[in-house]
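The values are calculated or read from the model by the stated rules, or taken from the named source; none is laboratory data. As the structure is a prediction and not an experimental result, all values here were calculated from the model. When we count neighbours, we look across all protein chains shown, and the Cβ atoms used for this are built from the backbone with ideal geometry, even at glycine. Side chains included, ligands, DNA and RNA excluded: accessible areas come from the protein's heavy atoms. Shrake-Rupley method; radii C 1.70, N 1.55, O 1.52, S 1.80 Å.
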Amino acid sequence: MTLPGAVPPPDDSTDAGVAWHYGDPFAEQRSAARSVVVVDRSNRGVIAVPGEDRLKWLHQLTSQHFEQLGENANTEALILDAQGRLEHHMVVANVGGTVFLDVEKVDDLLAYLKKMVFWSKVGPRDATPELALVSIIGPDAVALLEKLDIPVPAAVEQLGDGFVRRTSWPGQSSFDLLVPRAELASWWQRITDAGARPAGSFAFEALRVESLRARQGIDTDERTIPHEVGLIDPAVHLNKGCYRGQETVAKVHNVGRPPRRMLLLHLDGSADGEPETGDPVMLDGRVVGRVGSVVQHHELGPIALALVKRSVPVESDLLAGAPEREVPARIDPDSVPPDTPGLGREAVRNLRG
């Protein structure tokens, strides 16, 4: 979507097709923390799964307990390979008799879903041409929805031919609107006229990294299992079985020690270069990890998510990046998950308190 003041992303960006920023990406981040912003995320893919067997069918294929998912409910789900490695991550809404899955990329997942239909009464299709995603983020988000006469959902509420969904990040008040793609420009105008500041992918990615939320294909590689990137709590139901990769999930959960963990790295902002996704993380000349998302945060400065071997001490002096762009890096201790399965960043703070 082309909007006044929108600056397009660099040519090599993974967020082609949406605005990078609107002139001041750090002010956009501050507005998300202090008031309210709206972010065009219409580059996300959407798959619709209608049909009377949709919940039973998705229950059999994924890590999530879809048979317990009620109407107007949301969750996340994964499809794993036989070794429990991450293949697809989906954000889910069950509304209006259809399950909607928004994902990084549609083609591979949709091909897999269609291949698995067999005799089930479901009809998965690419709904990206139908629906576009925008996110409303910030402490004033609820007031903005009320001003727009949009129902404030406990989870999901139908909204004309789309829906509004509460999300758990970033911050305490965040909502996704999936609106008819043909009406995206008019929705954007309504939302900004009501007081939301436009923000681009630059700001959104910084907020995502601060929230320790992995992005598939950037913060994950071909070996990633869900325990390593914080996806057990939101996307895996540990009391269901009979899905591909379940044995690995159960084994690692019971032991509580995945081989790697996703951590937040503080990068040296005085260095000339900046690491890129896929670059190594080094300790004493040894590769001990992989760089994922690299962003500039309005308060934290240059930061990155990285998959790092569990054996690496938290206080280590690391180097992140290929040799020509290598920079010193330190692990944020608040990003280190405890060994107790199912506990996250807030639990770390509570345990240390």
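List of remarks:
- Of the listed requirements (1) in contact with a His (Cβ under 8 Å, 6 or more places away or on another chain); (2) surrounded by 21 or more Cβ atoms within 10 Å (Cβ to Cβ); (3) assigned to a loop (DSSP other than H, G, I, E, B), A206 misses just one: (3).
- Tally, over segment 46-80, of residues that are modelled with pLDDT under 95 and closer than 23 Å to E222 by Cα: 0
- Single condition E276 does not satisfy, out of (1) at pLDDT 95 or above; (2) over 24 Å from A329 (Cα atoms); (3) not in a helix (DSSP H, G or I): (2)
- Hits in segment 279-315 (condition: buried (at least 18 other Cβ atoms within 10 Å of the Cβ), assigned to a loop (DSSP other than H, G, I, E, B) and either out of contact with any Leu (no Cβ under 7 Å at 6 or more places or on another chain) or of a type in the set (D, E, K, R) (or both)): D279, H298
- Candidates V156, V179, filtered to the one that is in contact (Cβ under 8 Å) with a residue 60 or more places away in the chain, within 22 Å of the chain's Cα centre (by Cα) and either open to solvent by 50 Å² or more (accessible area, probe 1.4 Å) or at negative phi (or both): V156
- Check on Q216, outside any helix (DSSP H, G or I) and either among the acidic types (D, E) or out of contact with any Cys (no Cβ under 9 Å at 6 or more places or on another chain) (or both): yes
- Of all residues making up segment 258-278, the number that are within 16 Å of D221 (Cβ to Cβ), buried (at least 18 other Cβ atoms within 10 Å of the Cβ) and either more than 17 Å from the chain's Cα centre (by Cα) or aromatic (F, W, Y) (or both): 3
- Segment 6-60: number of residues that are among the polar types (S, T, N, Q), in contact (Cβ under 8 Å) with a residue 60 or more places away in the chain and touching an Asp or Glu at 6+ places or on another chain (Cβ under 9 Å): 3
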